[in-house]
Amino acid sequence: MKKTKIKVQDLNFFYGPHHILNKINLDIPAGTITAVSGPSGQGKSSLLTALNRLWENIDGARATGRIWIDFGKGLEEISKKEYNVHHLRQKVGMVFQMPNPLPMSILKNMQFPLKLAGISKNMVPEKIETALQQAHLWEEVKDRLSSDAQMLSGGQLQRLCIARSLVIQPEVLLLDEPTASLDPASVEKIEQLLLELKSRCTIVMVSHYMDQIRRIADRNLLLSNGNLSLVTTKEQ
Amino acid sequence: MLGNDRIPKICLQTAAWGCASLTFGVLVFMAWLSIPVLRASDTVHILTLPWLPGQGQFGIGPMILGSLYISVLSLIMAAPVSFGAAIFIRITRPGTLGKFFQHLVEAMTAIPTVVYGFIGIFLIVPLIRETFVQGSGMCILSAAIMLSLVISPTMILIFSQSISSVPRQYTIAVEAMGATPAQKFLMIILPCAWKGILTGLILGFGRAVGDTLIALMISGNTIDFPRHILDSARTLTAHIALVTAADFDSMEFKTLFVCALTLYLLTCVGVFFARAAGKRQ
């Protein structure tokens, strides 16, 4: 039995007048890939934004309920108002459906989260290389780190965004349909990457693709009409 | 269908070329009409000597200096205030309060300059006079304060537009990385909005240099070289307005073309330096 990494209790999510998530209760084990599937508009992305409190930056969004995450010192309630949200987001990385590189070079994109986290400059090159290697992008970009990130292909951009999330070594990685806009070869690379990553961080991923969920997810949760149900686990 | 596209294309091209030609035409026109004056006396003297028509000396040096003093000082005062207001409207309070202030600023752009001039005469001029106990209060500082109020709304609107044009995908990406609001602003919004901010500064400077009424009403219109911000001064625009009102055929009048040409070139130089600074950024 794996240790609980994330615990969600009575999570309600509202977007304007709409009640999106209805009293969600959920335990996510450490070192696993949990997929969240379901029809569009059911609150899959909202569930992810509740886990890093990104909803607080979205106009009209509101969440109630309690969420705990274990960052190595036991479960800490991250939904408390006084919990440092910036610290939380450095521990809980997020990758969006559309790759969102910043308008700067590949290297500066990778340096950005390290700068935010105040990590010493001496450590930066090593951390960047490690993260790019983890994202299987190092070989493709090592000779052009100073090139504009926008010059990369869609698959490379998404791997850059994953590498950018990994560079500060998050303990949880949230992925919102990370392969939705990619070609099959890029999808395969990212799936491989996620399987390698799960030993280092707990992954929660929104996906529409059942084949993908079967290939990489340890558990599949179905979100429908604001309610969450466990559909399958790897063991089944 | 392709044939139909040609007509609007030609219309738009004609409009664009028309505007460009008109702007260039004004420059040529002013340069052409300045030639007799520049030939009659030394160009350097016209630009640097004082205005003493009684002694046959038509230098516009004091007016150039007056224009520069007032416009640069007003820009120095307006830029940080406008920047702060734009941040308030777009970042700090982007909701109802921000929208209210945005509408207020939009309304301010429609207020005629003469109204600001009146406010300046009855509010700022006595205040400066009593605070510094020097002169009439009609001075560079008073004019610059009022002029900063005149140029601020335009600058606020351009700054806030450039801040809001930063793609949401960038800001949400840095928010998800754990950036604080200050980090988000300094590391993403400011570099992305820099060109728009520069445009706001250029337009603000252009408006300050080109304004006539505020300077005419508040700056005191003395034709001496200003040495202090509490000195009276006359700007190039105010000088053109004052001389045109009294004369249209004398040597004094002819020197106005040099004034207009100088104003034109002054604005061009300002734009050039601002653009050069923007490219280096």
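Yes or no: B:Ala173 more than 30 Å from B:Phe118 (Cβ to Cβ) and of a type in the set (Gly, Ala, Ser)?
Details: more than 30 Å from B:Phe118 (Cβ to Cβ): yes; of a type in the set (Gly, Ala, Ser): yes.
So B:Ala173 passes the test.
Would you say A:Ser46 is surrounded by 15 or more Cβ atoms within 10 Å (Cβ to Cβ) and more than 21 Å from A:Glu171 (Cβ to Cβ)? Full working, then the answer.
Details: surrounded by 15 or more Cβ atoms within 10 Å (Cβ to Cβ): yes; more than 21 Å from A:Glu171 (Cβ to Cβ): yes.
So A:Ser46 passes the test.
On the basis of being farther than 14 Å from B:Val258 by Cα and either without any contact (Cβ under 8 Å) to a residue 12 or more places away in the chain or surrounded by fewer than 17 Cβ atoms within 10 Å (Cβ to Cβ) (or both), does B:Gly66 make the cut? Steps first, please.
Numbers: farther than 14 Å from B:Val258 by Cα: yes; either without any contact (Cβ under 8 Å) to a residue 12 or more places away in the chain or surrounded by fewer than 17 Cβ atoms within 10 Å (Cβ to Cβ) (or both): no.
Considered against the rule, which asks whether it is farther than 14 Å from B:Val258 by Cα and either without any contact (Cβ under 8 Å) to a residue 12 or more places away in the chain or surrounded by fewer than 17 Cβ atoms within 10 Å (Cβ to Cβ) (or both), B:Gly66 comes out as no.
If I ask for residues that are exposed (fewer than 14 other Cβ atoms within 10 Å of the Cβ) and either under 23 Å from the mean Cα position of the chain (by Cα) or modelled with pLDDT of 90 or more (or both), which ones from the stretch A:99-132 would you list?
Of the stretch A:99-132, the ones exposed (fewer than 14 other Cβ atoms within 10 Å of the Cβ) are A:118, A:120-123, A:125-126.
Matches in the stretch A:99-132: A:Gly118, A:Glu126.
Taking the stated definitions as given, is A:Gly31 crowded, with 21+ Cβ neighbours inside 10 Å and either among the small types (Gly, Ala, Ser) or touching a helix residue (DSSP H, G or I) at 6+ places or on another chain (Cβ under 9 Å) (or both)?
Numbers: crowded, with 21+ Cβ neighbours inside 10 Å: no; either among the small types (Gly, Ala, Ser) or touching a helix residue (DSSP H, G or I) at 6+ places or on another chain (Cβ under 9 Å) (or both): yes.
The answer is no for A:Gly31.
On the given criteria, is A:Gly38 surrounded by fewer than 14 Cβ atoms within 10 Å (Cβ to Cβ), away from chain B (no Cβ under 14 Å), of a type in the set (Gly, Ala, Ser) and touching a residue at least 60 places away in the same chain (Cβ under 8 Å)?
No: the conditions fail for A:Gly38.
Any idea how many residues of the stretch A:85-98 are touching a residue at least 60 places away in the same chain (Cβ under 8 Å), among the hydrophobic types (A, V, I, L, M, F, W, C) and surrounded by fewer than 24 Cβ atoms within 10 Å (Cβ to Cβ)?
Going residue by residue through the stretch A:85-98, those that are touching a residue at least 60 places away in the same chain (Cβ under 8 Å) are A:90-98.
If we keep only those that are among the hydrophobic types (A, V, I, L, M, F, W, C) too, we end up with A:92, A:94-96, A:98.
From the residues that got through so far, the ones that are surrounded by fewer than 24 Cβ atoms within 10 Å (Cβ to Cβ) too are A:96, A:98.
Total meeting the criteria: 2.
Check A:Gln158, A:Gln169 and return the single one that is in a loop (DSSP other than H, G, I, E, B) and at pLDDT 85 or above. Walk me through how you get there before you give the answer.
On the way: A:Gln158 fails: in a loop (DSSP other than H, G, I, E, B).
Answer to the selection: A:Gln169.
Any residue at all in the stretch B:172-180 that's closer than 30 Å to A:Ala117 by Cα and either surrounded by fewer than 20 Cβ atoms within 10 Å (Cβ to Cβ) or not assigned by TED's automatic domain parsing to the domain that holds B:Leu236 (or both)? Talk me through it step by step, then tell me what you get.
Step one: list which residues in the stretch B:172-180 are closer than 30 Å to A:Ala117 by Cα, which gives B:172-180.
Add one more test, that the residue is either surrounded by fewer than 20 Cβ atoms within 10 Å (Cβ to Cβ) or not assigned by TED's automatic domain parsing to the domain that holds B:Leu236 (or both), and what stays is B:172, B:180.
The answer is yes; a qualifying residue exists.
Return the total of residues in the stretch B:126-171 being among the charged types (D, E, K, R) and either within 22 Å of B:Ile70 (Cα to Cα) or modelled with pLDDT under 90 (or both).
To start, the set of residues in the stretch B:126-171 that are among the charged types (D, E, K, R) comprises B:129-130, B:168.
If we keep only those that are either within 22 Å of B:Ile70 (Cα to Cα) or modelled with pLDDT under 90 (or both) too, we end up with B:129-130.
So the count comes out to 2.
Has the stretch A:103-110 got at least one residue that is away from chain B (no Cβ under 14 Å) and more than 26 Å from A:Ser37 (Cβ to Cβ)? Let's see the steps before the verdict.
Let us first name the residues in the stretch A:103-110 that are away from chain B (no Cβ under 14 Å), namely A:106-107.
Now narrow it down to the ones that are more than 26 Å from A:Ser37 (Cβ to Cβ): A:106-107.
There is at least one residue in the stretch A:103-110 that is away from chain B (no Cβ under 14 Å) and more than 26 Å from A:Ser37 (Cβ to Cβ).
Every residue, every condition in (1) in a loop (DSSP other than H, G, I, E, B); (2) among the acidic types (Asp, Glu); (3) over 28 Å from B:Gln183 (Cα atoms); (4) more than 14 Å from every other protein chain (Cβ to nearest Cβ), yes or no:
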site	(1), (2), (3), (4)
A:Asn12	no, no, yes, yes
A:Asn25	no, no, yes, yes
A:Ala50	no, no, no, no
A:Ile67	no, no, no, yes
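For A:Glu140, indicate whether it is surrounded by fewer than 23 Cβ atoms within 10 Å (Cβ to Cβ), more than 14 Å from every other protein chain (Cβ to nearest Cβ) and over 24 Å from B:Met187 (Cα atoms). I'd like the intermediate steps shown before the answer.
Details: surrounded by fewer than 23 Cβ atoms within 10 Å (Cβ to Cβ): yes; more than 14 Å from every other protein chain (Cβ to nearest Cβ): yes; over 24 Å from B:Met187 (Cα atoms): yes.
Yes: the conditions hold for A:Glu140.
In the stretch B:169-244, which helices (runs of 4 or more DSSP H) lie fully inside it and hold 2 or more residues that are of a type outside the set (Asp, Glu) and away from chain A (no Cβ under 14 Å)? Please lay out each step first, then the result.
Numbers: elements: B:181-184, B:190-210, B:213-218.
The qualifying helices (runs of 4 or more DSSP H) are B:190-210, B:213-218.
Checking A:Glu196 against (1) within 16 Å of A:Gln133 (Cβ to Cβ); (2) touching a residue at least 60 places away in the same chain (Cβ under 8 Å); (3) within 13 Å of chain B (Cβ to nearest Cβ), which test does it fail?
(3)
Could you grab the pairs with beta carbons closer than 8 Å, sequence gap of 6+ or different chains, first residue in the stretch B:194-205 and more than 9 Å from B:Ser162 (Cα to Cα), second one of a type in the set (D, E, K, R)?
Note: pairs meeting the criteria are B:Leu198/B:Arg275; B:Ile202/B:Arg275.
The values are calculated or read from the model by the stated rules, or taken from the named source; none is laboratory data. The structure presented is a predicted model; accordingly, all values stated were derived computationally and were not measured. Here the Cβ is made from the backbone with ideal geometry for all residues, glycine too, and neighbour counts use every protein chain on show.
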